[in-house]
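S.K.: Starting off with a structure, shown below.
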Amino acid sequence: MPQTSIFSEASQRLEEAAKHVTISEDTIERLKYPKASLTVSVPVRMDSGELKIFQGYRVRYNDMRGPTKGGIRYHPSVNLEEVKTLAFWMTFKCAVLNLPFGGAKGGITVDAKKLSRFELEHLSRRYIDAIADFIGPDVDIPAPDMYTNQMIMGWMMHEYSVIQRRQVPAVITGKPVAMGGSLGREAATSQGAYDVMQALLGKLNGSPKNTTVAIQGFGNAAAPLAEMLYNAGFKVVAVSDSKGAIYAKQGLNIPSVKKFKEDTSGLKAVYCENSVCGFQEHDVLTNEEMLELPVDLLIPAAIEDVITDDNAGRIKARLIFEVANGPVTPEADEILERKGIRVVPDILVNAGGVTVSYFEWVQNRAGYYWTLEEVNSRLHQKMTEESQRIWAIHESKNVSLRTAAYIHALRRIEEAINVRGTKEYFGEKE
Ligand code: NAD
């Protein structure tokens, strides 16, 4: 059987949405191709003295709604196809939230965990040197993604400012607060996902009490969310990282898990090698087993393509909230829909990160900084309004929440394309 590419899977979502709205051929044609893709070699002098060349990428997918925006991922499996797909998703995500941005993404093929701090800093600075002509506060604005963080964004902003011979904080978001970062950015993806849950859970007949949750991934996007859910009374029964999962039927004590993860940088240490076992019984599962637990709410928050046609038939959750980008394949979507399992899509659920990145960019350009309360209340308002709009499309058109989110984004992108002139305008005059 021919292997479907991740990009063609992503395009299927666009094609599905386009069936339910009148969209011009121009819009569909535009959205089939990225605006520009850059592949760079990133030379780094390693601590051993050896020179190593890493492959880096930046894709600006579509800038019809404004400068492009999207994170930078460090992962051994990063490749141009993946970066292009992530940039495509960013185009729709920014439109879902009505942010004045198009979509982009970047990445380096690297196992960042194997680098020393010095090597990581060199790699990050050399990557910015390599892509400096491709980005800019009015052109393309990067941010963190998997295995990149605040400190790396700070190095990158500093490097870009050195190249430009002036301070340019608005070139990158997700920076440390002391370098022009926004309050609330670190937990923004989690906070936004939590806002979407609050907006939709009532409609989906759920309430925190008695709702069991399993979360795949325990990084920037998932760990604060696990704690928010725990504090709100949800029963978080399982969490995982790349090494495996821990499961406790009666519910995990998330603050303790978080502390152990921070102290030891691995859930593995929680498994039993130290005192957490003393106060909480739990089972150790593989990531695959964890996804199939009989929970109310399943939150994939790590990597793409973890729910596929292979395992979708065995998923027992009632509801899936996609915090990761692209965790459910289109084939799996169909199986889940037949089983009555609803999927709340990534381009809505995890859009809190880019929304507060937008707030950070606005604050950098204004030179005026907001309080945490202001950030969170504006985020809450945006996430709630757009969730409700998507819910209304889901009901009125009788389509999945994913298709509803794509329809919502497509209408906004189409408007930006059409105001530049359509085929009819430029067509033959009588
Ligand atoms: P991160 O690097 O902080 O954390 C990733 C987590 O996933 C870690 O706990 C890691 O151990 C786990 N993981 C890695 N490979 C795994 C595997 N094969 N199986 C199970 N777990 C695995 O990254 P993050 O920023 O939390 O990003 C996670 C997802 O959320 C990605 O899909 C990212 O694109 C998406 N996302 C993140 C943000 C953000 O602001 N951080 C915003 C939007 C979307």
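S.K.: Within the stretch 324-362, which GluC sites (Glu not before Pro) sit in a loop by DSSP and count at most 16 neighbouring Cβ atoms inside 10 Å?
M.R.: none
S.K.: Let me ask something else. At 1.4 Å probe size, with the rest of the protein present, what percent of the exposed accessible area of the chain is carbon and sulfur atoms? Mind showing how you got there, number by number?
M.R.: Working: 9280 of 18510 Å².
Here carbon and sulfur together make up 50 percent of the probe-accessible area.
S.K.: Could you do me a favour and compute the accessible area per residue for the chain, 1.4 Å probe, result in Å²?
M.R.: Numbers: 18510 Å² over 430 residues.
For the chain, the solvent-accessible area averages 43 Å² per residue.
S.K.: Excluding residues fewer than 8 places away in the same chain, name every one of the lysines whose C-alpha is closer than 22 Å to that of Lys249.
M.R.: In chain and number order, the partners are Lys209, Lys235, Lys258, Lys259, Lys261, Lys268, Lys316.
S.K.: Find the Rg to Rh ratio for the stretch 33-179, where Rh is the Kirkwood radius over alpha-carbon pairs and Rg uses the same atoms.
M.R.: Checking Rg against Rh, the ratio lands at 0.96.
S.K.: Something else now. Given the peptides 186-193, 20-27, arrange them by the average over their residues of other C-beta atoms within 10 Å, most packed first.
M.R.: Working: 186-193: 25.6, 20-27: 14.9.
Top to bottom by mean Cβ count within 10 Å: 186-193, 20-27.
S.K.: Another question about this same structure. Cβ neighbours within 10 Å, averaged per peptide: list 31-37, 128-134 in order, most packed at the top.
M.R.: Descending mean neighbour count gives 128-134, 31-37.
S.K.: Still on this structure: Name the GluC sites (Glu not before Pro) in the stretch 50-89 that are in a loop by DSSP and that have at most 16 other C-beta atoms within 10 Å, would you?
M.R.: Details: sites: Glu50, Glu81, Glu82; in loops: Glu50.
For GluC sites (Glu not before Pro) across the stretch 50-89 that sit outside H, G, I, E and B with at most 16 neighbouring Cβ atoms in 10 Å, the list reads Glu50.
S.K.: Return the whole-Å distance between the Cα centroid of the stretch 339-415 and the Cα centroid of the stretch 107-179.
M.R.: 26 Å
S.K.: How charged is the neighbourhood of Ser5? Take every other residue with its Cβ under 15 Å from the Cβ of Ser5, and add Lys/Arg as +1 and Asp/Glu as -1. Walk me through the numbers on the way to the answer.
M.R.: Details: positive: Arg13, Lys32, Lys84; negative: Glu9, Glu15, Glu81, Glu82, Glu304, Asp305, Glu331.
Within the 15 Å Cβ shell, the charges total -4.
S.K.: At a 10 angstrom cut-off on C-beta neighbours, averaged per residue, how do the peptides 220-227, 349-356 rank from highest to lowest? Each step should come with its number before you reach the end.
M.R.: Numbers: 220-227: 23.6, 349-356: 28.6.
Peptide ranking by packing, descending: 349-356, 220-227.
S.K.: With an 8 Å cut-off on Cα pairs and a minimum separation of 6 or more residues, tell me the relative contact order of the chain in percent.
M.R.: Numbers: 849 pairs, mean separation 71.4, N = 430.
That works out to 17 percent.
S.K.: Quick one: Cα convex hull volume of the stretch 188-349, Å³ per residue? Walk me through the numbers before you get to the answer.
M.R.: Values: hull volume 15.8 nm³, N = 162.
Expressed per residue, the convex hull around the Cα atoms of the stretch 188-349 is 97 Å³.
S.K.: Counting DSSP beta bridges in the chain, what percent are antiparallel, to the nearest 5? Walk me through the intermediate numbers first.
M.R.: Working: 24 of 50 bridges.
The antiparallel proportion sits near 50 percent.
S.K.: Restricting to DSSP H runs of at least four residues, report the calculated mean residue ellipticity at 222 nm for the chain, -39500 (n - 2.57) per run over all residues, nearest 500 deg cm²/dmol.
M.R.: Values: 16 runs with 184 residues, N = 430.
One gets -13000 deg cm²/dmol as the mean residue ellipticity at 222 nm.
The values are calculated or read from the model by the stated rules, or taken from the named source; none is laboratory data. Being a predicted model, the structure only gives us computed values, none of them experimental. For neighbour counting, all protein chains shown are included, and Cβ atoms are generated from backbone atoms with ideal geometry for every residue, glycine included. Protein only, heavy atoms only, side chains kept; ligands, DNA and RNA dropped before computing areas. Shrake-Rupley method; radii C 1.70, N 1.55, O 1.52, S 1.80 Å.
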